[in-house]
Amino acid sequence: MLESIALHEPLEDKNPFFAWLVVEVFLNTNDHYMHYEPEEALALVMRAKHKGARVQEVAAQLRAWATD
């Protein structure tokens, strides 16, 4: 989901922020919460956007930030 939104840019502006919010809302809705630095989250989104982060890397990072 993160990669799809980051790559396809559905909004005119603020796509990285939107991509991150979608991921966080999805995880929170499913009772998964994260503790992270905003700069690190943005860096992950940007790596996904530029195909520098594969799905496995994104999943591993989200697991690392999990607090549940």
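At 7 Å along Cα-to-Cβ for each site, give me the label-to-label distance between E40 and D13 in nm.
Reported label-point gap for E40 and D13 is 3.0 nm.
How would L42, L2, L7, L27 rank on accessible area, largest to smallest, probe 1.4 Å? Display every interim value, and only then the final one.
Numbers: L42 90, L2 10, L7 60, L27 35 Å².
Result, largest first: L42, L7, L27, L2.
Nearest 10 degrees, 0 to 90: what angle lies between the long axis of helix 55-65 and the longest principal axis of the chain (Cα atoms)?
Here the helix axis deviates by roughly 40 degrees.
For the chain, list log₁₀ I(q)/I(0) at each q in 0.26 Å⁻¹, using the Debye formula over Cα point scatterers of equal strength and ignoring solvent, two decimals each.
Log10 I(q)/I(0), no solvent term: -1.25.
So what's the angle, to the nearest 10 degrees on a 0 to 90 scale, between helix 38-49 and the longest Cα principal axis of the chain?
Helix 38-49 and the main axis of the chain meet at about 50 degrees.
Helix 15-29: angle to the longest alpha-carbon principal axis of the chain, degrees 0 to 90, nearest 10?
The two axes meet at around 30 degrees.
The values are calculated or read from the model by the stated rules, or taken from the named source; none is laboratory data. Because the structure is a prediction, the values reported are computed rather than measured. Heads up, the Cβs are rebuilt from the backbone with ideal geometry, glycines too, and the neighbour counts pull from every protein chain shown. Calculation scope for accessible area: heavy atoms of the full protein, side chains included, ligands and nucleic acids excluded. Shrake-Rupley method; radii C 1.70, N 1.55, O 1.52, S 1.80 Å.
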